[in-house]
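A short write-up of the structure that comes next.
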Amino acid sequence: MSRIRYVDLEGLGGQLEFGRQLARVRAALLGKPGQEALAELKAALLVMPNKRLIAGELCDHVGEVCALGVLARSRGVPDDELRMVTPLTDSTHEEDSDISFWIADWAKVRLGVSWTLAWVLQEANDEICRSPIPEELYRRVLDWVGEWVANPNEAFNKYRDARVP
């Protein structure tokens, strides 16, 4: 289940919103707070005892987490709280993407990261690095985060170019 919804690019309004979203991503991930959060996430990923990530939720019933969940754990958020943040699969959300907005709101307040950074981490975990195999998802997310830490401008250009219609 994906938590991500993309902007409809039809018409000038959609194109302007697309440009604004790219500017928010650039500021959130290339700025000092975003780079610090990505470096923290990379370090937390490297020390995970089980090199596995899940998609579609922060934390499942057995304690496996997504990339944003790894960052939350590194900031001291217990699994019980992560499970409470994640809506149940039979939630009343009309679209899966509503979940990503809700989780990004929570992350902004609880983790002290920008809303956009939280949203992009969900997007990276569930869409960009998508894999049904938890170990492969871990490897892909670690590579993605590593690219943003090592070469942030190149990573942004790649991110932008993948979205330009």
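The values are calculated or read from the model by the stated rules, or taken from the named source; none is laboratory data. Note that the structure is a prediction, hence the values are computed from the model and not measured. Heads up, the Cβs are rebuilt from the backbone with ideal geometry, glycines too, and the neighbour counts pull from every protein chain shown.
Quick notes on this one:
- Members of the stretch 156-165 that are loosely packed, with under 12 Cβ neighbours inside 10 Å and part of a loop (DSSP other than H, G, I, E, B): A162, V164, P165
- Within the stretch 112-155, being surrounded by 16 or more Cβ atoms within 10 Å (Cβ to Cβ) and in a loop (DSSP other than H, G, I, E, B) holds for V113, S114, C129.
- Filter result for L111 (more than 18 Å from Y159 (Cα to Cα), among the hydrophobic types (A, V, I, L, M, F, W, C) and at pLDDT below 95): no
- Qualifying residue in the stretch 10-30 (condition: part of a loop (DSSP other than H, G, I, E, B) and either surrounded by 14 or more Cβ atoms within 10 Å (Cβ to Cβ) or in contact (Cβ under 8 Å) with a residue 60 or more places away in the chain (or both)): no
- Condition check for E36: out of contact with any Phe, Trp or Tyr (no Cβ under 8 Å at 6 or more places or on another chain) and in a helix (DSSP H, G or I): yes
- Pick from the stretch 39-86, criterion β-branched (V, I, T) and part of a helix (DSSP H, G or I), ranking: modelled with the lowest pLDDT: V85
- Near pairs, Cβ below 9 angstrom, 6+ apart or cross-chain, from the stretch 147-165 (within 10 Å of L22 (Cα to Cα)) to any residue that is part of a loop (DSSP other than H, G, I, E, B) and among the aromatic types (F, W, Y): R163/Y6
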